[in-house]
Amino acid sequence: MGATELIALAASFSLLAGWRLYAAVLVAGVAMRFDIIPLPEHLASLSVLGNPWVLAAAALGAMAEFLADKIAWVDSAWDTVHTLVRPLGGALLALAILDPADTHWQVITLLLGGGSALLTHGAKATTRAAVNASPEPVSNVVMSSAEDIATTSTLLIALANPWIALALTTLLLAGTIAILLAFRRFARDVTSLFRPTKDPDAG
């Protein structure tokens with residue numbers, strides 16, 4: 001991969017880490033283990049992502065996240081716990097994928113990677129909290145399953161074509177924000193139905 005492809009790959013993985021951190025670590029670890037993602041020499045310590053024990057831990061975390069994300073309000077508690085974990089993971093993934101030889105660029109990469117993961121994490125957590133407020137139980141499972149499929153598919157696409165993955169990730173983020181706004185409007189409309197109206201004849 002060239003420099004621009006690696007930038008797109010790092011951006012995609014960082015953004016997707018905000019939704020499914022353990023899946024992103026697992027895919028990145030497998031890619032590094034089989035040399036799909038070239039690891040910078042000065043960051044050789046990050047080859048630990050391809051360690052079998054790390055891969056096993058990431059797989060276990062991905063399974064736990066998969067299950068927790070299907071239960072209303074448990075998913076919100078899981079998101080709260082990962083408010084710091086996901087941005088940190090996104091930052092480290094960006095640093096593992098890119099090769100910023102200059103120290104200043106390493107700091108910038110960490111900040112941008114962490115900021116990207118925090119952005120998608122915030123959108124996800126807020127949207128899921130809004131979905132959990134809906135009276136029926138189906139929307140939570142549907143939303144979670146859609147996130148599973150979209151995130152995992154985009155992670156795999158990123159290895160083949162980072163630019164397409166980055167475009168898809170951006171669309172997913174925009175869609176998440178759109179769903180959040182739609183649920184907020186829906187919640188306001190439902191709330192207004194139960195608001196007592198003023199009696200015009202009341203003195």
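Extension gain for the segment residue 107 to residue 68, taken as residue separation times 0.36 nm less the Cα-Cα distance, is 10.7 nm to one decimal. Each Lys and Arg contributes +1 and each Asp and Glu -1, all at the Cβ; summed about the Cα centre of region 26-175, the dipole is approximately 120 debye.
Stretching the chain fully between residue 146 and residue 80 yields a gain of 21.7 nm (0.36 nm per residue, less the alpha carbon separation). Taking the Cα centre of region 68-156 as reference, the dipole from Cβ charges on Lys and Arg (+1) and Asp and Glu (-1) amounts to some 120 debye.
The slack between residue 53 and residue 36, meaning 0.36 nm per residue of separation minus the straight C-alpha distance, is 4.2 nm.
Here, each number is a calculation from the coordinates, and none is a lab measurement. Every value quoted in this text rests on a predicted model; they were computed, and no experiment measured them. FYI the Cβ positions are ideal-geometry reconstructions off the backbone, even for glycines, and counts take in every protein chain you see.
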